[in-house]
Structure formats: C-alpha cells, structure tokens
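The values are calculated or read from the model by the stated rules, or taken from the named source; none is laboratory data. None of these values were measured; they are calculated from a predicted model. Every residue, glycine as well, gets a Cβ built from its backbone with ideal geometry; the counts of neighbours run over all protein chains shown.
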Amino acid sequence: MLLTSVIIVLREVLEAALLVSILSALSGIMGISRHWLMWAFACGFAGAVCYGLGINTISDLFDGTGQELSSAAMQFLIYCLLILFAFQAAGSVYGRETSGTFTAAIMAAIIALAITREGFEVLVYLSGFMNEWQQFLPVLTGALIGAGLGISTGALIYYLFSNLPSRYALPAGLCLLSLVAAGMLSQGALLLIQADWLPAQLPLWDTSPWLAEQSLSGILLYALIGYEATPTAIQATCYFGGLLLLLMVVLYARRRSRPLHKTPD
Amino acid sequence: MRILMRAALIVLLWLAGIRGVLADKPVFKLEIRNHLFFPEVLVVPANTRIKLLVRNHDPSPEEFESYELNREKVIMGKRNAVIFIGPLLPGEYPFFGEFHPETALGTVIAE
C-alpha cells in the first residue's frame, strides 16, 4: 500500500516539479521576480480540485472520452505556452526587450495547468481511501514520501540550473524544456488515440526489454524527456516534430534579437 | 489567419470522418468489484480496434493502467468508462488497477 502510494504520487509530482524547477530557475536568470509561482500554485491547486469535482461530468462528455480529450487539450495548451515561453526567453537573453509580466504570466499558466493535470490524479487517488481509515494512514504516508522525493528532485534540478553560468543555463534549460514539451505533445497524441480521435497503429519499436517504463529510471526519463517504450508513428512524429518546431522558434527568436546586440557604438 | 481557420476546419472534418468510418468496433465488457477485475482474462481478436467498457462497481476510484497496452484512465467509483485498445498483435497484454495493484490484475489475450 505504502510503496504503491509512493510511486503514484512520485510519478505525478515529478512532472510538475520538473517544470516548476526549470521555469523558476530561468525566471531568476532572466531577472523576473518569482511572485508568479504563488499564483501558479494557487490556480493549479484550485484547478485540480475543480477538475476532480467535475470529473464525473467531464468523463461522460464525447461518448465517454471526455477525460482523455480534456487531458490532451491541457497537454497541447502547455506545449503552446512552452513555445511562447521559449520565444520570450530566447529573445530576452539575446537582447530583445520583452515584457517580464507577460513572460511571468506564461510561466504561471504552464505551472497551473501542469498542477491541475497531475494534482487531480493524486486527489482522486487519496479520495478513494478517505473512508478506509486503516489504509488511509499508510497511503497518506506514502503520498508524503512520494511528494517529498519529487520535490527534492525538483530542488536538485533547480539548484543545478541556478548555479550554472547564465550563458549556459538558459540554452540548457530551453533544451530540457523542449524535450519536456515534445513529451507533452506525444502524450497528448496518445490520449487522442485512446479516445479514438486519432487512428490507432502498431508501435514502431519496443524498448521495454532495455528500459521498462515502470522502472525507476523509466519513470524519471518519462518525466524528463517523455520516454515511451512503445510509441506509434503518430506519437513519434508529434515528439520529433514538436521538438524541431520549438528549437526553430528559439533560433528564430535569437536571430530576430541579434541585430539589437550588434548596434554600432 | 483565414488559411489557419480553413486548415483547422479540414483537420476537424478529417477527424470526424475517421470517427464516422471506424465507428463500429467490437465491444468488450470489464467489471471492477472489490478491487478485482472480472473477467480476469479477456480474449479479444488480434489486429482489431476494440472498445472496452469498464464498469467500476466499487465506491472508490480505480485507474485502469497497462504499460503493454499503453493505456491509463481514471474510473471513478460506481461509474463507467470507455477505453479504446488495439489493434494488437497476437499475444498477452497484462493490465492492472493502479490504485490497488496487489489485487486488481488482469490480462488481455489477443488471438
């Protein structure tokens, strides 16, 4: 019971913690105050509670595939927001005037959506044991351990990025964010396949004998780079296409901003 | 902007078309009682898209999860859920209830 609970909560918290740590580290590097985090957490927790309360209605929408569709919509939205963020961040570092408030709002929206998605599952899981007191205690203990592990991993990544020279921290952060974003897009596609909105295909390959998704490294890689052992062609296209698009946006933002750097003195 | 709108419309129609053409899929039923799956073994045709109807008779929520089928879905207490799986190559595909993985275990066999 305890171990199950640790793993469930760790898996959910890890994804959100990763985004929180990278974005808040980059926020510091860009000189944007971290006040937005408070709003992000507040909206995220409120979102998770609302999503959890409305899940019965949401699930029944679209012939019983409302859960997949709403979750996919959130994934796609996070991806779009990450593109916007990458554009802003790459621009600000390479000299273009960017609005810090706008960038902060984008970051807050990303985190709020991520917490809504991941927090909802934790809340639903915990709610199942509310009436079974004997089990609730180990479940809650496990959940706290899982959350602690996830948050510590996030803190580790945060300090790792914060201590890098800012010249490297931003490109490194954007690269990691690109991988996370690509993973979100591919997960969103998988949800659409599950809802039968996208055609189903056989997996392109199966890497589970080498690295199982349920192993600890599999869980970590899933959160970090969206690792999937048996992706279909649609998912792989979304992943690599999404990655390419984001990197192109970064390069474009950089090129657009460069001339400002080189003004003759 | 107009081109974007048109492209979005075409994609939506395409999706709607796919849904229409592939609407009839064999339906298989699965039930959850006392954190157990019934039937434990579900035999389905291989290479076919299948509509899985899951009824959770327990008051507590469960999450249908399978790494082999690549599926994950929360099913609230006393509720139904629809999960599309396949097409599957012949073989065994274990699934479990993530919230009660000690007892809620099952296998899809595609043949």
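Some values worked out for this structure:
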quantity: Residues of region A:112-166 classified as among the β-branched types (Val, Ile, Thr) and over 15 Å from A:Ala223 (Cβ atoms), total; calculated: 5
quantity: Looking only at region A:238-265, and only at residues there that are at pLDDT 80 or above and among the basic types (Lys, Arg), the one that is surrounded by the most Cβ atoms within 10 Å (Cβ to Cβ); calculated: A:Arg254
quantity: Filter pass, B:Leu30 being hydrophobic (A, V, I, L, M, F, W, C), touching a His at 6+ places or on another chain (Cβ under 9 Å) and at pLDDT 95 or above; calculated: no
quantity: Among the candidates A:Gln235, A:Gln214, residue that is crowded, with 18+ Cβ neighbours inside 10 Å, within 22 Å of A:Leu18 (Cβ to Cβ), within 11 Å of chain B (Cβ to nearest Cβ) and under 19 Å from the mean Cα position of the chain (by Cα); calculated: A:Gln235
quantity: Where a residue in region B:55-70 is closer than 24 Å to B:Leu89 by Cα and free of Cβ contacts under 8 Å to residues at least 60 places away in the same chain and its partner, wherever it lies, is assigned to a loop (DSSP other than H, G, I, E, B) and among the polar types (S, T, N, Q), with Cβ under 8 Å and at least six apart; calculated: B:Tyr67/A:Ser208; B:Tyr67/A:Gln214; B:Glu68/A:Thr230; B:Asn70/A:Thr230
quantity: Filter pass, A:Ser152 being at pLDDT 90 or above, surrounded by fewer than 22 Cβ atoms within 10 Å (Cβ to Cβ) and over 28 Å from B:Pro90 (Cβ atoms); calculated: yes
quantity: Residue check for A:Ile157: assigned to a helix (DSSP H, G or I), buried (at least 22 other Cβ atoms within 10 Å of the Cβ), under 15 Å from the mean Cα position of the chain (by Cα) and more than 14 Å from chain B (Cβ to nearest Cβ); calculated: no
quantity: Qualifying positions in region A:222-236 - assigned to a helix (DSSP H, G or I) and at pLDDT below 90; calculated: A:Tyr222, A:Ala223, A:Leu224, A:Ile225
quantity: Residue match in region A:35-54 (condition: touching an Asp or Glu at 6+ places or on another chain (Cβ under 7 Å) and without any contact (Cβ under 8 Å) to a residue 24 or more places away in the chain); calculated: no
